[in-house]
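The values are calculated or read from the model by the stated rules, or taken from the named source; none is laboratory data. Quantities reported herein were computed from a predicted structural model and do not represent experimental measurements. Glycine also receives a Cβ, built like all others from the backbone with ideal geometry; neighbour counts cover every protein chain displayed. The area values use the complete protein model at the heavy-atom level, side chains included, leaving out ligands, DNA and RNA. Shrake-Rupley method; radii C 1.70, N 1.55, O 1.52, S 1.80 Å.
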Amino acid sequence: PYEDKLNSLKSSEYRYLPTTISAGLPIEVEAITKAEKIRIPDNLMGKWAGHKDILIMRINGDSMNKTMPDGSIIAVKPTPLENLKNDDIVVYSKSYDYSVKRLIKQADRLVFRPHSTDKCFVDDIVKLDNNDLIVHGKVVLYIVEMD
């Protein structure tokens, strides 16, 4: 039966943050160190299936709503800054405030750009020598729930 096929799907376990990451203004994430585990079918994760360093979280806000609506689930792969390209979507933090934006690399700074239908969201420009800045990784997959 169909249920047996569902139960036999190969899946992998990933770290899941039971909180949301801002796709609006950067917010402080209290549970960033309190990861839980979640199983996701490998055929849904595609080429990222089984990568043990993938982190799963949900976004909150509308600053990326042209790409990822509020409530989307994202898979983030830790990626060194030098391996990121312009227009990659990244999770980054400054002083423990986390956000999701498109990355634009410039000579001495990084621009974190929203992709929103709402014009109130503006670029977050950060100098490369900012010690509080951490680019946690690249969004490699997102899942949108439709109503």
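Some notes on this structure:
- The length gained by stretching the chain between ASN86 and ILE38 to full extension, at 0.36 nm per residue less their Cα-Cα distance, is 14.3 nm.
- Three-way shape call for the range 88-128 based on the alpha-carbon gyration tensor, with the a/c threshold at 1.5: oblate
- Converting phi to 3J(HN,Hα) with the Karplus coefficients 6.51, -1.76 and 1.60 and the offset θ = phi - 60°, the range 140-146 yields 9, 7, 9, 10, 10, 8, 9 Hz in sequence order, with x at every glycine or proline.
- Accessible-area composition of the range 58-119, carbon plus sulfur, in percent [1.4 Å probe]: 46 percent
- If you plug the beta carbon distance of LYS77 and ASN131 into 1/(1 + (r/R0)^6) with R0 = 30 Å, you get a FRET efficiency near 0.80.
- Checked against a 30 Å cut-off, the cross-linked pairs LYS52/LYS85; LYS47/LYS119; LYS66/LYS105; LYS10/LYS85 give Cα-Cα distances beyond that limit for LYS47/LYS119; LYS10/LYS85.
- Take the Cβ atoms of HIS51 and LEU9, set R0 to 25 Å, and the FRET efficiency comes out at 0.90.
- Sorted from greatest to least, the principal axis extents spanned by the alpha carbons of the range 108-147 come out as 43, 25, 14 Å.
- Electrostatic dipole magnitude of the chain [Cβ: Lys, Arg +1; Asp, Glu -1; Cα centre; debye, to 20]: 420 debye
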